[in-house]
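Inspection log for the structure reproduced underneath, given as structure tokens.
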């Protein structure tokens, strides 16, 4: 008998953590990223910690600047929001926002 078991991660990791790693690998500072994206440094800080969302438009800009496909950025964002919502629903995570 086959069952449909879905596994979900309990780790609530903002996609900005991956972005920080990519930036480090590319030698791009947060200030440089802000300048290249024409955004305030605070917006980049908020992007890295998961307060600011990676929109499809932001994903395209990040693709151009990092070489990581836009669908990866938006997929990470979607999974982060879904996991965060699931964590709130079961009561084991409180948002810092």
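Derivation of every value follows stated rules applied to the coordinates shown; laboratory data play no part. All values reported here derive from a predicted model rather than from experimental measurement.
Please report how far the C-alpha centroid of segment 51-75 lies from that of segment 16-39, rounded to the nearest whole angstrom. If you average the Cα positions of each part, the centres end up 12 Å apart.
Annotation: extensible slack from residue 26 through residue 86 equals 18.3 nm (criterion: 0.36 nm per residue apart, minus Cα-Cα distance).
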